[in-house]
Amino acid sequence: MAPKLRTVTNIADLSLNRDSFTYIIISILRNGYSLKMRVKGTSMFPFIKENDLLTILPPEKAFARLGTIVCFINPINRSITIHRVIDCNKDYYITKGDNCHAEDGRVIRTDILGIVTRVERKGLNVRYPLHYGARIISIISKLDCVLYRNAIFKKACYFCLRTHRCIKQYLNK
């Protein structure tokens, strides 16, 4: 009789050390597969909260630009990190968590593992600013205006969600 196979539906259910976890994530995304992963930590609060479910596509299936939330190998501690792109050029990205004071340093393009394309919270899709709204947030973050802990930032985010179409129309004139 063949042994019964167990299926892993959540990598976090496995007791893995950081290096093993990193290796598995890198293998999945670099082989062109998408990934769903639960968030641990609050570095991207308020847009991404603890236990949100993220859908991450490999970089060849999605494009990272200013304001995009990316999954990458952190240049400081070589761990998997999910933060927003606040600056970029042809060789590297500068990333930073929305709820962090410091940048992550230069992330070379080959260290980008994937692009966050969807956020789910309690089974529902979370709308977060895309395109111009995300760019505005990345500019605020780059200037290190730490407004996300009060109502002003929440109002600015709401404004971005409501008016990104107007901004897009204005810029296309």
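The values are calculated or read from the model by the stated rules, or taken from the named source; none is laboratory data. Worth saying up front: this structure is predicted, and the values here are computed from it rather than measured. Quick reminder, even Gly has a Cβ in these numbers, built from the backbone with ideal geometry, and neighbours come from all protein chains shown.
Return yes or no: is Ile48 in a strand (DSSP E or B) and either of a type outside the set (A, V, I, L, M) or farther than 15 Å from Thr110 by Cβ (or both)? Explain how you work it out, then say what you get.
On the way: in a strand (DSSP E or B): no; either of a type outside the set (A, V, I, L, M) or farther than 15 Å from Thr110 by Cβ (or both): yes.
In short, no.
For the stretch 68-111, give me every one of the strands (runs of 3 or more DSSP E) that falls completely inside it and has 2 or more residues that are farther than 22 Å from Ser27 by Cβ and not aliphatic (A, V, I, L, M). Working first, answer last.
Values: elements: 69-73, 80-88, 92-96, 106-108.
Hits in the stretch 68-111: 80-88, 92-96.
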Please list, ordered by first then second residue, the pairs with beta carbon atoms under 9 Å, 6 or more apart or interchain, first in the stretch 51-70 and within 9 Å of Met37 (Cα to Cα), second among the β-branched types (Val, Ile, Thr) and surrounded by fewer than 17 Cβ atoms within 10 Å (Cβ to Cβ).
Asp52/Val126; Leu54/Thr117; Thr55/Thr117; Ile56/Thr117
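Take Val85 and tell me if it is touching a His at 6+ places or on another chain (Cβ under 9 Å), aliphatic (A, V, I, L, M) and modelled with pLDDT of 85 or more. Spell out the reasoning first.
Numbers: touching a His at 6+ places or on another chain (Cβ under 9 Å): no; aliphatic (A, V, I, L, M): yes; modelled with pLDDT of 85 or more: yes.
No: the conditions fail for Val85.
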Residue under evaluation Ile76, criteria (1) surrounded by fewer than 18 Cβ atoms within 10 Å (Cβ to Cβ); (2) in contact with a strand residue (DSSP E or B) (Cβ under 8 Å, 6 or more places away or on another chain); (3) of a type in the set (A, V, I, L, M), criterion not met:
(2)
Tell me the residue from Ser15, Ser27, Ser20 that is of a type in the set (Gly, Ala, Ser) and in a loop (DSSP other than H, G, I, E, B), please.
Ser15
With Ala62, Ala2, Ala12 as the choices, which residue is at pLDDT below 80, of a type in the set (A, V, I, L, M) and surrounded by 14 or more Cβ atoms within 10 Å (Cβ to Cβ)?
Ala62
Would you call Tyr170 over 16 Å from the mean Cα position of the chain (by Cα), among the hydroxyl-bearing types (Ser, Thr, Tyr), part of a loop (DSSP other than H, G, I, E, B) and at pLDDT below 60?
no
